[in-house]
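Reading through the structure tokens given below for one structure.
The values are calculated or read from the model by the stated rules, or taken from the named source; none is laboratory data. The structure displayed is predicted, hence computed values, not measured ones. Here the Cβ is made from the backbone with ideal geometry for all residues, glycine too, and neighbour counts use every protein chain on show.
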Amino acid sequence: MSNEILTTQPAEKKKIVFSAIQPSGTITLGNYLGALRNWVTMQEEGQYNCIYALADLHTITVRQEPAVMRKNILEAYASILACGIDTEKSVFFIQSHVNAHAQLAWLLNCYTQFGELSRMTQFKDKSAKHADNINAGLFTYPCLMAADILLYQADLVPVGADQKQHLELSRDIAERFNGRYGNVFTVPEGFIPKNGARVMSLQDPTRKMSKSDENVNACVSLLDTPEVIMKKFKRAVTDSEAKVCVGEGKEGVNNLIGIYSAVTGKTAEEITNEFEGKGYGDFKVAVGEAVVEELRPVRERYEQYIKDKAYLEESWRKGAEFADRLAQRTLAKTMKKIGFVGR
Ligand code: ATP
Ligand code: LTN
């Protein structure tokens, strides 16, 4: 990106887009359809200044093996470039490289209520899943996420439906802070896609597809080979009705229709007509093939990026330098408003 985001006058300022993803495992089809695909669209539309991050500080709310974590960060960075994020057009950095995230998160912790954080469904889910490690970071996770967004004065935040509650909390924190101190933060809006906002597990379609799922058949990874993708779709859980249509108690089929619709742009009705009189076998093959074609170029580009560590390092260094300058501005302003004395 040019330096336009730092220098343009308010009248000609483009809207700012910010989003992040955790490097907590191999990126899934859910992450791609719910978030990453929109990151790329918004970058290409040219009417936004886009800032994207790998939220590695968020990742340690769940215990990580150091060597695995390093590998995951590298692979996630390369995967996102492979999805089409272009560091000439967007700022793309690693959260822990910009100190202001942890600093603003601390400040926002003191402007967020215990009761608000207790209501977060992701906290409830993750603390049930990791009952042996319900750490304070897991609890205050949404304050760090609010800091990520508010540091860049983001207008729009493209995310999947599961992040809606966190986003609303970010808005509440921003509004509360502005109410007390004047206009410090832009109040962000979520951007949740109509199709693909909530891709479900292929093995338990009542749960969302998640990177950290232990059942490898439950999620399709961006980097799965065509053979593996086809196998996972063929094994996807459906029902005994053998009719391709949206319906109650048909979570598995509903999910496959959702995926097929998000990838091909066809409506649920068109899909039902297409598979009239055909069984689930044909349908699963069609969904698998559509996903294989959608992900093929991503996997091919990934193979190039992951081999070029020097390029990855240069890209994230450039991203962090840029992000740091923007973030410092907001942090300094916030601290001044609160009453801190400068160095
Ligand atoms: P973890 O399993 O570690 O919690 P995750 O797979 O839920 O990770 P995140 O890094 O928390 O992924 O999310 C990155 C982005 O992907 C967010 O915008 C989130 O809303 C979106 N996302 C995650 N899972 C899905 C899904 N199943 N369907 C649609 N969007 C999703
Ligand atoms: N909490 C998000 C990842 C995330 C994020 C953000 C998303 C961290 N910081 C800022 C949007 C904006 C998640 O997807 N679990």
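For the range 208-221, give me the residue count where each residue is modelled with pLDDT of 95 or more and part of a loop (DSSP other than H, G, I, E, B).
Total satisfying the criteria: 3.
Would you tally the residues in the range 41-51 being out of contact with any helix residue (DSSP H, G or I) (no Cβ under 6 Å at 6 or more places or on another chain) and not in a loop (DSSP other than H, G, I, E, B)?
Residues meeting the conditions: 6.
Residues are listed down the side, and each one gets a yes or a no for (1) at positive phi; (2) more than 11 Å from ligand 2 (Cβ to nearest atom); (3) aliphatic (A, V, I, L, M):
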| site | (1), (2), (3) |
| --- | --- |
| Ile16 | no, yes, yes |
| Gly25 | yes, yes, no |
| Asn38 | no, yes, no |
| Thr41 | no, yes, no |
| Glu44 | no, yes, no |
| Cys50 | no, yes, no |
| Ala53 | no, no, yes |
| Thr61 | no, no, no |
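Looking at Glu294, is it in a helix (DSSP H, G or I), acidic (Asp, Glu), out of contact with any strand residue (DSSP E or B) (no Cβ under 8 Å at 6 or more places or on another chain) and closer than 22 Å to Arg37 by Cα?
Yes: the conditions hold for Glu294.
For the range 201-236, which residues satisfy the criterion of being aliphatic (A, V, I, L, M), over 26 Å from Asp148 (Cβ atoms) and crowded, with 18+ Cβ neighbours inside 10 Å?
Answer for the range 201-236, where residues must be aliphatic (A, V, I, L, M), over 26 Å from Asp148 (Cβ atoms) and crowded, with 18+ Cβ neighbours inside 10 Å: Leu202, Ala218, Val220, Ile229, Met230, Ala236.
What pairs come up if the first residue lies in the range 219-244 and is of a type in the set (Asp, Glu), the second is outside any helix (DSSP H, G or I), and their beta carbons are under 8 Å apart, counting only those six or more places apart or on different chains?
Asp239/Gly249; Asp239/Lys250; Glu241/Gly247; Glu241/Lys250
When you scan the range 168-191, do you find a residue that is among the aliphatic types (A, V, I, L, M), surrounded by fewer than 21 Cβ atoms within 10 Å (Cβ to Cβ), over 29 Å from Lys336 (Cα atoms) and touching a residue at least 40 places away in the same chain (Cβ under 8 Å), even just one?
no
Report, by residue number, each residue of the range 78-91 that is in contact with a Phe, Trp or Tyr (Cβ under 9 Å, 6 or more places away or on another chain) and farther than 15 Å from Gln22 by Cβ.
Across the range 78-91, the qualifying residues are Ala78, Leu81, Ala82, Cys83, Gly84, Ile85, Asp86, Thr87, Ser90, Val91.
Which pairs have Cβ atoms under 7 Å, sit 6 or more apart or on different chains, and link a residue in the range 246-274 that is under 16 Å from Leu33 (Cα atoms) to one that is part of a helix (DSSP H, G or I) and among the β-branched types (Val, Ile, Thr)?
Close Cβ pairs satisfying both conditions: Leu256/Val287; Ile257/Ile271; Ile259/Val287; Ile259/Val291; Tyr260/Ile271; Tyr260/Val287; Ser261/Ile271; Val263/Val291.
Check off (1) buried (at least 17 other Cβ atoms within 10 Å of the Cβ); (2) within 25 Å of the chain's Cα centre (by Cα) for Tyr311 and give me the number that stays unchecked.
(1)
If I go through the range 299-317 residue by residue, how many of them are assigned to a helix (DSSP H, G or I), out of contact with any Phe, Trp or Tyr (no Cβ under 8 Å at 6 or more places or on another chain) and within 24 Å of Asp56 (Cα to Cα)?
Going through the range 299-317 one residue at a time, the tally reaches 12.
For a quick check of your reading of the model, give me the residue pairs whose first member lies in the range 54-73 and is in a loop (DSSP other than H, G, I, E, B), whose second is among the aromatic types (Phe, Trp, Tyr), with beta-carbon atoms closer than 9 Å and at least 6 apart or on different chains.
Thr61/Phe139; Thr61/Tyr141
On the given criteria, is Ser127 hydroxyl-bearing (Ser, Thr, Tyr), within 16 Å of ligand 1 (Cβ to nearest atom), closer than 21 Å to Thr41 by Cα and out of contact with any strand residue (DSSP E or B) (no Cβ under 8 Å at 6 or more places or on another chain)?
Considered against the rule, which asks whether it is hydroxyl-bearing (Ser, Thr, Tyr), within 16 Å of ligand 1 (Cβ to nearest atom), closer than 21 Å to Thr41 by Cα and out of contact with any strand residue (DSSP E or B) (no Cβ under 8 Å at 6 or more places or on another chain), Ser127 comes out as no.
Out of the residues in the range 86-137 that are under 24 Å from Asn38 (Cβ atoms) and among the hydrophobic types (A, V, I, L, M, F, W, C), state the one that is surrounded by the fewest Cβ atoms within 10 Å (Cβ to Cβ).
Top of the filtered list is Met120.
Among the residues of the range 205-253, which ones are aliphatic (A, V, I, L, M) and within 12 Å of ligand 1 (Cβ to nearest atom)?
Once the filter is applied, which keeps residues that are aliphatic (A, V, I, L, M) and within 12 Å of ligand 1 (Cβ to nearest atom), the range 205-253 yields Met209, Ala218, Val220, Leu222.
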